[in-house]
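Undergrad: Could you have a look at this structure, given as structure tokens, before my questions?
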Amino acid sequence: MIRLKTKLALFNLLSKLVFTALFLLFLPWIVERVNLRQVDNDLIQKRENTIDLIGKIGIEPFIHSDTSGIFGSYNILKEEFISLERTGIAEDLNYIDVTDRIIEEEEIAYRVINYTFMVDGQKYLLEIGKSLASIQYARRNINRIILVFLGFIILITLVTDLQYTRIILSPLKKITGKLKEISSPSTFDMIPVKTNTSDFVSLDNALRDLMVQIDESFRKEKDITVNISHELMTPVSVLRSKLENMLLRDDIDPDTANKVEESLKTLHRLQSLVNSLLLIARIESHQYLREESFSVQALLQEIIEEVNPVAEDKEVTLTGEFINDHQFIQANRALVFSMFYNVVNNAIRNTFPEGKVVVKTFSEHGKFRTNISDTGNGMSEAQMSTLFTRFKTKRGDDGDGTGIGLAIAKVIADFHKIEISVASEPRKGTTFSFIFPESSL
Amino acid sequence: MNVLIVEDETGLAKEIATFLKTENFLCDLAFTGIEASEKIAVNLYDFILLDLGLPDYNGLDLIRETKKAGSEASFIIITARGAVEDKVKGLDLGADDYLAKPFALVELLSRINAVARRKFNVQVHDIVLGDFIMQNQSRKLFCEGNEVDLTKKEYDLLHYLVLNRNKVLTRHQLYEHIWGNILDDQYDSNFIDVHIKNLRKKLNFHSPSPWLETVRGVGYRVSAG
């Protein structure tokens, strides 16, 4: 994952590098073009001057009829030359090209204008040349300057870009920070983030509205839960009191007492079913607080102590192997207790006499884990797939449970962001794994 | 002791009254908040059992009013709204205890007795059970000077049976009292049987305990005087 700030800076850097590369590629070519044009103009100007001069003073000062018929002049540094000679070629020449001339055993590239003209019936060829060495120097220098200058600019702008994006993106950082802090929608910080970037303002507003909406729907769900619980629990309550009063009468005969107790049992099943559903609904609508901090090992030890008499009675060995302890923060102890209790109890219910149930805590990949394994009958793939589904599970049939215990465990695990998973082998046993969230480590 | 039962569900109110009368309480009934408010103004009550979900009245307001009028009645809230906030609010207003519906009548009684003991600063006496002595102060059981080594759960179980002596308690009533409602789904009648079995084993090691009876098909009973 790359941060937005870094991404922007990287993009800026890349675009500058591409721009610079293009610049370095094309600029020298353009400069050369411009220079050549200037040289050409210069040469044409010089030709005009020469022709004017010849017009004024005649051709004789340059070429005498008795000499070889060639005039040539170089300046000392071989920057420029001029040559004039009689020529026999028929066509008229007027062009500029680049030729290498050997002057005093030194080969130099010249830009040369070739021009023919007639004086007194004689055709002359005029050549005026200008050395390209200076142009080549210029090109090299310009490249060097551009490289240094652009490098410098890139460096400066990179630093300022980074700073600037950091500043303009700081409201976004605040908004994501707000989201990270919350444990439920109602704890979202409703104070608007200070910014004049409209996108961030609308993002912040949208989030705020969303949180209010979610909070509102949670509240509605909570109301429904309360109402249903009232509606269901009141008649159960009346029935229960009536039956209990009957059972307490002195004149009740044992047979009737037995029947009343059986009715009470059935009523308890109904009560526990409603209670379980309410518990799930309450957890899912975040009616429980997550504000406690406790040692998981101590909690597991407490559960083992509590369940051990039942395990012993069944001749099942229940042991704890605590390699690491973990201080679980921002949690609800009663709920986590319930979660582990349900699973440990389930494990014992499904283990045969002389079997084993092991509660193990350890750290793996930087995360705290708890495994609860039994040597029971194990489960098939099909059974495992519906394990956490409400009312779909009925592992043992010796208990009075409603088959919702594991669904409750799952809901509690989700509420605490604990990852819960099952591995099972038929006739070998089952292992429940709980992986605790990293943040609470 | 005088008890006012404020409960709009008449069937439930009457059952509670029937039960408490056998325990020698004087019971008054109020089926609405207004009725309750009038009765509180005229009579002196030691206990007010208050259903928070009254149709005409906010139960919490009733607590506020009563406390304001200077009444020393103790409130025990009974409600089907099991929300944690309600419980906290009620206790904040000065209610003495809180029971979620549906509850066992014996549980209600033991709560009333607990509040009464606190309120009237009643000394807890040691209880004699055959050859055994139950020291409630130290929460220990002795047999002819020797301590019987009980776990916390075993002691709680015995204590609850002793508090409700001569009554048959069902396994579920015992379970509910000791483990509370949060583990309701895991209720296993075998649980209580195992604990009673262990308890008996420990008792009988010291001396026979015929006073701890199993009532076939119903539950358990302590029948000592």
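The values are calculated or read from the model by the stated rules, or taken from the named source; none is laboratory data. What you see is a predicted model; the values in this text were computed from it and never measured. FYI the Cβ positions are ideal-geometry reconstructions off the backbone, even for glycines, and counts take in every protein chain you see.
Undergrad: Suppose the filter is under 19 Å from the mean Cα position of the chain (by Cα), among the aromatic types (Phe, Trp, Tyr), at the interface with chain A (Cβ under 10 Å from one of its Cβ atoms) and not in a loop (DSSP other than H, G, I, E, B); does residue B:75 pass it?
TA: The answer is no for residue B:75.
Undergrad: Now, a different point. Can we say residue B:122 is within 26 Å of residue B:17 (Cα to Cα) and at pLDDT below 90?
TA: Against the criterion (within 26 Å of residue B:17 (Cα to Cα) and at pLDDT below 90), residue B:122 qualifies.
Undergrad: Still on this structure, please answer the following. Given the conditions (1) among the hydrophobic types (A, V, I, L, M, F, W, C); (2) within 29 Å of residue A:287 (Cα to Cα); (3) modelled with pLDDT of 90 or more, which single one is not true for residue B:47?
TA: Every condition holds for residue B:47 apart from (2).
Undergrad: Which of the following residues is of a type outside the set (Gly, Ala, Ser) and either closer than 29 Å to residue B:7 by Cα or touching an Asp or Glu at 6+ places or on another chain (Cβ under 6 Å) (or both): A:247, A:203?
TA: After applying the criteria, what remains is A:247.
Undergrad: Report, ordered by the first and then the second residue, all pairs with beta carbons closer than 6 Å, sequence separation of six or more or different chains, a first member in segment B:206-219 that is farther than 14 Å from residue B:189 by Cβ and more than 14 Å from chain A (Cβ to nearest Cβ), and a second member that is assigned to a helix (DSSP H, G or I) and hydrophobic (A, V, I, L, M, F, W, C).
TA: Listed by first residue and then by second, the contacts come to B:209/B:203.
Undergrad: Out of everything in segment B:176-193 that is crowded, with 18+ Cβ neighbours inside 10 Å and either modelled with pLDDT under 70 or within 7 Å of another protein chain (Cβ to nearest Cβ) (or both), what residue ends up being farthest from residue A:407 (Cα to Cα)?
TA: B:191
Undergrad: Quick one: which residue in B:60, B:44, B:29, B:4 is part of a strand (DSSP E or B), without any contact (Cβ under 8 Å) to a residue 60 or more places away in the chain and under 23 Å from the mean Cα position of the chain (by Cα)?
TA: B:29
Undergrad: Any residue in segment A:337-355 that's in the same structural domain as residue A:304 (by TED's automatic domain parsing) and closer than 17 Å to residue A:423 by Cβ: show its pairings with residues that are in a helix (DSSP H, G or I) and of a type in the set (Val, Ile, Thr) at Cβ separation under 7 Å, as long as the two are six or more apart or on different chains.
TA: Listed by first residue and then by second, the contacts come to A:344/A:303; A:344/A:307.
Undergrad: Cβ-Cβ under 6 Å, sequence separation 6+ or interchain: first residue in segment A:414-425 and in the same structural domain as residue A:384 (by TED's automatic domain parsing), partner assigned to a strand (DSSP E or B) and surrounded by 16 or more Cβ atoms within 10 Å (Cβ to Cβ). Which pairs?
TA: A:416/A:331; A:418/A:434; A:419/A:435; A:420/A:434; A:421/A:433; A:422/A:432; A:423/A:431; A:424/A:430
Undergrad: Do you know which residues across segment A:191-223 are of a type in the set (A, V, I, L, M) and surrounded by 12 or more Cβ atoms within 10 Å (Cβ to Cβ)?
TA: Scanning segment A:191-223 gives A:193, A:201, A:203, A:207, A:210, A:211, A:212, A:214.
Yes/no matrix, rows are residues, columns are (1) in a helix (DSSP H, G or I); (2) at pLDDT 85 or above; (3) touching a His at 6+ places or on another chain (Cβ under 6 Å); (4) charged (D, E, K, R):
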{"site": "A:199", "(1), (2), (3), (4)": "yes, yes, no, yes"}
{"site": "A:202", "(1), (2), (3), (4)": "yes, yes, no, no"}
{"site": "A:207", "(1), (2), (3), (4)": "yes, yes, no, no"}
{"site": "A:212", "(1), (2), (3), (4)": "yes, yes, no, no"}
{"site": "A:215", "(1), (2), (3), (4)": "yes, yes, no, yes"}
{"site": "A:224", "(1), (2), (3), (4)": "yes, no, no, no"}
{"site": "A:230", "(1), (2), (3), (4)": "yes, no, no, no"}
{"site": "A:234", "(1), (2), (3), (4)": "yes, yes, no, no"}
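Undergrad: Considering A:289, A:300, which residue is buried (at least 18 other Cβ atoms within 10 Å of the Cβ) and among the hydrophobic types (A, V, I, L, M, F, W, C)?
TA: A:300
Undergrad: Give segment A:345-368 a look and list any residue that's surrounded by fewer than 20 Cβ atoms within 10 Å (Cβ to Cβ) and under 15 Å from residue A:434 (Cα atoms), or say none.
TA: Result: A:358, A:360, A:362, A:363, A:364, A:365, A:366, A:367.
Undergrad: May I ask you to verify whether residue A:413 is buried (at least 20 other Cβ atoms within 10 Å of the Cβ), within 14 Å of chain B (Cβ to nearest Cβ) and either at pLDDT 80 or above or not in a helix (DSSP H, G or I) (or both)?
TA: So residue A:413 does not fit the description; no.
Undergrad: Test each condition in (1) over 60 Å from the mean Cα position of the chain (by Cα); (2) more than 18 Å from residue A:128 (Cα to Cα) for residue A:45 and report the one that comes out false.
TA: Exception for residue A:45: condition (2).
Undergrad: Pick from segment B:8-48 the residues that are among the aromatic types (Phe, Trp, Tyr) and out of contact with any strand residue (DSSP E or B) (no Cβ under 6 Å at 6 or more places or on another chain): which of them is farthest from the other protein chains (Cβ to nearest Cβ)?
TA: That would be B:31.
Undergrad: Tell me, which residue of segment A:103-152 that is of a type in the set (Val, Ile, Thr) and loosely packed, with under 12 Cβ neighbours inside 10 Å is farthest from residue A:50 (Cα to Cα)?
TA: A:148
Undergrad: For residue B:170, which of the numbered conditions (1) over 19 Å from the mean Cα position of the chain (by Cα); (2) more than 20 Å from residue B:201 (Cβ to Cβ); (3) modelled with pLDDT of 90 or more fails to hold?
TA: (1)
Here is a yes/no grid of residues against (1) in contact (Cβ under 8 Å) with a residue 12 or more places away in the chain; (2) surrounded by 11 or more Cβ atoms within 10 Å (Cβ to Cβ):
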position: A:9; (1), (2): yes, yes
position: A:15; (1), (2): no, no
position: A:36; (1), (2): yes, yes
position: A:42; (1), (2): yes, yes
position: A:45; (1), (2): no, yes
position: A:52; (1), (2): no, no
position: A:59; (1), (2): yes, yes
position: A:81; (1), (2): yes, yes
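Undergrad: Name, by its number, the condition in (1) without any contact (Cβ under 8 Å) to a residue 24 or more places away in the chain; (2) part of a helix (DSSP H, G or I); (3) aliphatic (A, V, I, L, M) that does not hold for residue B:99.
TA: Tallying (1) without any contact (Cβ under 8 Å) to a residue 24 or more places away in the chain; (2) part of a helix (DSSP H, G or I); (3) aliphatic (A, V, I, L, M), residue B:99 fails exactly one: (2).
Undergrad: So which residues in segment A:244-275 are closer than 22 Å to residue A:221 by Cα and surrounded by 21 or more Cβ atoms within 10 Å (Cβ to Cβ)?
TA: Correct list: A:271, A:272, A:275.
Undergrad: Could you please let me know if residue A:233 is under 30 Å from residue B:105 (Cβ atoms), more than 8 Å from chain B (Cβ to nearest Cβ) and touching a helix residue (DSSP H, G or I) at 6+ places or on another chain (Cβ under 7 Å)?
TA: No; evaluated as a whole, the condition is false for this residue.
Undergrad: Within segment B:161-175, can one find any residue that is closer than 27 Å to residue A:256 by Cα, away from every other protein chain (no Cβ under 14 Å) and surrounded by 22 or more Cβ atoms within 10 Å (Cβ to Cβ)?
TA: Yes, because at least one residue in segment B:161-175 is closer than 27 Å to residue A:256 by Cα, away from every other protein chain (no Cβ under 14 Å) and surrounded by 22 or more Cβ atoms within 10 Å (Cβ to Cβ).
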